[in-house]
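Here the structure comes first, spelled out in structure tokens, and everything after it is commentary.
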Amino acid sequence: MYDWANSAYMTTIAVGILPMYFAAVVVPPQGFLVGETLFAAETLWGFMASAAAFIIFLFAPTLGAIADFSATRKRFLFSFCYLGVISATLLSFCGPGQVWLTIVLFVISQIGFVGANVFYDAFLPHIAMTGQENRVSSKGFAYGYAGGAIQFGCALILIAAHDLFGITEESAARLGMLSAALWWGGFALISACLLQEKQVAREIPRRFAFHTMALTYPALGLSRVWQTMGQVKHQRHLLLFLLAFLVYNEGIQTVIIMATIYGRQELHLSATALMCTLLLVQVVAIPGALFFAWIAEKTNSKKAILLSLVTWSAVVVYAYFIQTETEYLVLGGIVGLVLGGSQAISRSFYASIIPKDSSAEFFAFYSVVSKFSAVLGPFIFGLMRHWSGSSRNAILSLISFFILGIILLQMVDEDKARKNRSILFRPQ
């Protein structure tokens, strides 16, 4: 149900409405002047996404270690959740010319969304029985896409029929974003009430028993991260998977973040066409996530991910050549098919090769890799767009991430990675 809740933010705000609203309403038509340089809206959007991911990259591992040791995964989960909800709510009040305010609020809401997911993902090994990680992870993504599709569909109706409601299209877009923030915060209460923290806090080692907890837990968290890094570097297949995930997720995250603004600014598609395509992505992603879970069960997780990456490579090549709304709609259908599958199976594969009692700490590393891979891709996209003057060259360059990801993933031995799970060192 938390997937059901938070997907509304990503679908409606971060991907659906805000990129277009930011480009069409917030940023002046001639661009936004920073210092002596004029930046286009899509360039700024890429930099904004990178900034939020970099901040999470700095803090997530230590917070994950603290959550594992103090048994506060749930507390961290909902602290970040409602930080994101509040800032996303305030985003709906940003108007023309309020570029810096929109940038700051978007970065904070992204931090809330991503930070909460670190601790949400960390519950997967505790909820799913051994061998059921693919099914449970994919089911979570399927619920997320369903919830996101329903909420986004309502927002789409509001925007498309704004005249019937007696409001402007700009006001309808704001209300659509506000409803997404409230959906996230409202349905998250179900998880807040029902989700149980099964582990208990561990005794603090004597060397970290400072007079104030403000020093104790950060020092303990940094120590655990350092020890874990020292052990993980010797786990070849775990490191290879994380490296492969870092690379291929670079491409996936960039496609997700830049797709709407690419369609708006490069293809000059209407807002209705863009949002209908995004709604199609959400709907197709529901069976897509379950389909790839089935493939993973019939073969293995690695082969399921490889199949998705081959399809992603075809996606970016096709995106380079498309010109019409129909072609963009077809692209959305293909993206929907592989989006949920590639993410869900990657998450479940990782959950199956890490120690259960350190899940928040290890998923913090996973989140760092995931969100660090959202730093370079959008940044490169922004630079390519700025230098070449065309987003087509930028979108085509993403194929290199998928090809390199395939090569690295081929080097991972799935069986050995799972066997090494039992001998990974648990920091004390």
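Computed from the coordinates by the stated procedures, all read-outs in this text should not be read as laboratory data. Every value quoted in this text rests on a predicted model; they were computed, and no experiment measured them. All Cβ positions, even for glycine, are placed from backbone atoms using ideal geometry, and neighbour counts span all protein chains on display.
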Ranked by GNM mean-square fluctuation in the chain (Cα springs under 10 Å), the top entry among VAL369, VAL310, VAL85 is VAL310
Which order do the peptides 142-148, 318-324, 394-400 come out in when sorted by mean C-beta neighbours inside 10 angstrom, highest first? 142-148, 394-400, 318-324
Sorting GLY46, ALA351, ILE403 by the position of each Cα along the dipole of the stretch 2-421 (Lys, Arg +1; Asp, Glu -1; all at Cβ), the one nearest the positive end of that ordering is ALA351
Mind ranking 180-191, 40-51 by how tightly packed they are, going by the mean number of other C-beta atoms within 10 angstrom, highest first? 40-51, 180-191
HN-Hα J couplings of the stretch 337-351 from phi, Karplus 6.51/-1.76/1.60, θ = phi - 60°, integer Hz, Gly and Pro as x? 4, 9, 4, x, x, 5, 6, 5, 6, 4, 5, 6, 4, 5, 4
How long is the gain from TRP294 to GLU169 if the chain were fully straight, where each residue apart is worth 0.36 nm and the alpha carbon distance is subtracted? 40.8 nm
Specify the angular offset, from 0 to 90 degrees and rounded to the nearest 10, of the alpha carbon long axis of helix 236-265 from the longest principal axis of the alpha carbons in the chain. 20 degrees
In whole Hz, the Karplus estimates of ³J(HN,Hα) for the stretch 158-163 (6.51, -1.76, 1.60; θ = phi - 60°; x where Gly or Pro) are 4, 6, 5, 10, 4, 5
So what are the ³J(HN,Hα) numbers for the stretch 107-115, from phi and the Karplus equation (6.51, -1.76, 1.60; θ = phi - 60°), rounded to whole Hz, Gly and Pro as x? 4, 5, 5, 5, 4, x, 5, 5, x
Could you list which residues have their amide H under 5 Å from that of ALA71, counting only those 5 or more apart in sequence or on another chain, with H placed in the peptide plane? ARG202
Can you give the extra length, in nm with one decimal, that the chain gains between TYR320 and TRP387 once fully stretched, where that is 0.36 nm per residue apart less the Cα-Cα distance? 22.4 nm
Given H placed 1.01 Å from N in the peptide plane, which residues other than close sequence neighbours of LEU38 have an amide H under 5 Å from its amide H? none
Links exceeding 23 Å between C-alpha atoms in this model, out of LYS139/LYS419; LYS139/LYS298; LYS303/LYS419; LYS74/LYS298, come to LYS139/LYS419; LYS74/LYS298
Any idea what angle helix 41-70 forms with the longest principal axis of the chain, computed on alpha-carbon atoms, 0 to 90 degrees, nearest 10? 20 degrees
What number, in nm² with one decimal, is the all-direction average of the projected area of the convex hull of the alpha-carbon atoms of the stretch 2-421? 20.2 nm²
What percentages make up the Cα-Cα pair-distance distribution of the stretch 49-111 when the bins are 10 Å wide from 0? 21, 42, 26, 9, 1
